[in-house]
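Note sheet for the following structure.
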């Protein structure tokens, strides 16, 4: 499964590669990383929208994760990717906005990687 992780914190890539080392090595998960909303759109274009799942932080400089979500839902509908929003702030306003814009799920930081693995397994 191709997964695009979008977060302005570069250490997120190291964390994901460590936590999913076994799944990456087996070829079960293929992670791509983007460090801004704008970069994520560029990566999606290069991937020809082969990302099955997008995990995006909400609070990023430039294009926010919610703006990215809105753009993804407008531009990529065949097939529509699963989009999970991630935020350190699990407030109702962000949750409701993410849901209204078409997010499939909402996770809070720090990420519970056991829960995330379970969700990824249920999608694949």
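No value in this document is a laboratory result; all are computed from the given coordinates. From a predicted model like this one, the values you see are computed outputs, not experimental measurements. Glycine gets a Cβ as well: all are built from the backbone with ideal geometry, and neighbour counts include every protein chain shown.
Within the range 60-70, take every residue that is in contact (Cβ under 8 Å) with a residue 40 or more places away in the chain and more than 18 Å from residue 82 (Cβ to Cβ) and give me the one that is surrounded by the most Cβ atoms within 10 Å (Cβ to Cβ).
The residue in question is 60.
Please go through (1) without any contact (Cβ under 8 Å) to a residue 12 or more places away in the chain; (2) in a helix (DSSP H, G or I); (3) under 21 Å from residue 123 (Cα atoms) for residue 16 and return the number of the only condition it doesn't satisfy.
Only one criterion is unmet by residue 16, namely (1).
Could you list, in sequence order, the residues of the range 25-59 that are out of contact with any strand residue (DSSP E or B) (no Cβ under 7 Å at 6 or more places or on another chain) and either more than 21 Å from residue 97 (Cβ to Cβ) or without any contact (Cβ under 8 Å) to a residue 24 or more places away in the chain (or both)?
25, 26, 27, 28, 35, 39, 42, 45, 46, 48, 49, listed by residue number.
Inside the range 94-115, can you point out the residues that are part of a helix (DSSP H, G or I), surrounded by 16 or more Cβ atoms within 10 Å (Cβ to Cβ) and out of contact with any helix residue (DSSP H, G or I) (no Cβ under 8 Å at 6 or more places or on another chain)?
Across the range 94-115, the qualifying residue is only 95.
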